[in-house]
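One structure is given here, and the rest of the page talks about it.
The values are calculated or read from the model by the stated rules, or taken from the named source; none is laboratory data. Worth saying up front: this structure is predicted, and the values here are computed from it rather than measured. When we count neighbours, we look across all protein chains shown, and the Cβ atoms used for this are built from the backbone with ideal geometry, even at glycine.
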Amino acid sequence: MESVEQLQKIAGEAQDKLWQIQANERRKANGSKVGKTFRTRNSYSCPEKPSDYWWLWAKVTRMDDGGMLYATTFQVDRYGSIDIKRDQCIHHAQCYTQCPAAEFNRAWKALLRLVNSTLQ
């Protein structure tokens with residue numbers, strides 16, 4: 001009969017192998033996304049109407065060893081609050097839709113105009 005320690009060692013080795021396989025799959029799937037621009041619809045819980053949604057924009061800046069994507073993200077929520085994050089891990093990259101860089105840049109410039117208008 002195997003001991004708890006032996007089974008934990010076997011399980012740990014299997015988990016390490018599984019993580020490596022999954023990381024390889026993520027790297028293959030995500031490698032081409034670095035440098036690309038994306039957007040996704042965002043909202044707070046229980047949205048009821050179209051105006052409850054806004055765009056969350058992302059420009060992928062890097063991929064880590066595990067194949068996870070990191071991006072600079074920004075959004076202006078339904079209340080006008082501005083959120084900008086650098087090196088944000090995009091855990092659900094499959095929920096983002098690729099968009100042309102020109103569209104992303106227009107949204108960024110609109111955000112900058114909004115920021116500048118609040119300072120005047």
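Quick rundown of the values:
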| item | result |
| --- | --- |
| Arg39, sole failed condition from (1) over 15 Å from His91 (Cα atoms); (2) of a type in the set (Lys, Arg); (3) assigned to a strand (DSSP E or B) | (1) |
| Residue selected from the stretch 73-120 under the condition of a type in the set (Ser, Thr, Tyr) and in a loop (DSSP other than H, G, I, E, B), by the criterion surrounded by the fewest Cβ atoms within 10 Å (Cβ to Cβ) | Tyr79 |
| Selection within the stretch 29-67 - aliphatic (A, V, I, L, M), surrounded by 14 or more Cβ atoms within 10 Å (Cβ to Cβ) and either within 15 Å of Lys85 (Cβ to Cβ) or modelled with pLDDT under 95 (or both) | Leu56, Ala58, Val60 |
| Condition met for Tyr53 (among the aromatic types (Phe, Trp, Tyr) and farther than 20 Å from Ala110 by Cα) | no |
| Filtered residue count, the stretch 41-63, keeping only those that are of a type in the set (D, E, K, R), in contact (Cβ under 8 Å) with a residue 12 or more places away in the chain and more than 18 Å from Ala101 (Cβ to Cβ) | 2 |
| Every residue from the stretch 80-118 that is small (Gly, Ala, Ser), within 12 Å of Arg39 (Cα to Cα) and at pLDDT below 95 | Ala93 |
